[in-house]
Every structure is written in C-alpha cells, then in structure tokens.
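In what follows, a structure is listed as structure tokens, so that the remarks can point back to it.
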Amino acid sequence: MELKEQFEQAVAQSKSLNQKPDNETLLTLYSLYKQSTEGDVSGNAPTNPFDFVAKAKYNAWDTQKGKSQAAAMQEYIDLVTKLKG
C-alpha cells in the first residue's frame, strides 16, 4: 500500500480510537497531520493571549518545521497504530 493511502487510512482510524488520547498526543497528531498535508507552518502565531488552543496548535505544528511530508505521514501512521494498541 502506498504511503499516502496508509496515511489516509490512519486518519480515518484516528477518528474511531477506543479511548480519546490525552491533549499532548492530540497536539502531536494535529501537528503531524498539518505537516503531512500542508508542510511547514506559515503565517504568524495567534496574537490573542487568551486563545490558548490556537496558540498550542500553532506551537505544536511549528515543532515539526523542516520535517518532510513523507516523514510526517509515517510518524502519524506509527502513532495511530500505537494508539490502536
């Protein structure tokens, strides 16, 4: 199976996990997904000091900067596989 197909399958599986992952894992999934689909983070960080969720998402995605989309896809697949148990 091609990497992109495996990635799309992992995305679908991530929506039906037995247990909801903790917030840190959710941020990792988010950042790997964004890196896989859009590449490096672009634009400015959120400026609203009280929008903690947007800031956390931006910072998580920023930690993936420089990682290839293929590598991010593989890490996403591996993480979902691990979460499935």
Quiz item: What angle, in degrees between 0 and 90 and rounded to the nearest 10, separates the Cα long axis of helix 69-84 from the longest principal axis of the Cα atoms of the chain?
Solution: 70
Practice problem: Determine by what factor the alpha-carbon radius of gyration of the chain differs from 2.2 N^0.38 Å, reporting the quotient. | Solution: 1.11
Self-check item: Nearby lysines by direct alpha-carbon distance to K57 (threshold 22 angstrom, same-chain neighbours under 8 apart not counted)
Solution: K15, K20, K34, K65, K67, K82
Quiz item: Label points 7 Å out from Cα along the Cβ direction at D40 and K4: separation in nm?
Solution: 2.3
Exercise. Can you work out the PRE-style zone for T63? Point 7 Å along Cα to Cβ, and I want the residues of region 18-39 with backbone N under 15 Å.
Key: 22-35
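To the nearest 20 debye, what is the magnitude of the charge dipole of the chain about its Cα centre, counting +1 on the Cβ of each Lys and Arg and -1 on the Cβ of each Asp and Glu?
Around 160 debye, computed over the chain.
Just so you know, all these numbers are worked out from the coordinates, no wet-lab data involved. Because the structure is predicted, anything quoted here is derived from the model rather than measured. Here the Cβ is made from the backbone with ideal geometry for all residues, glycine too, and neighbour counts use every protein chain on show.
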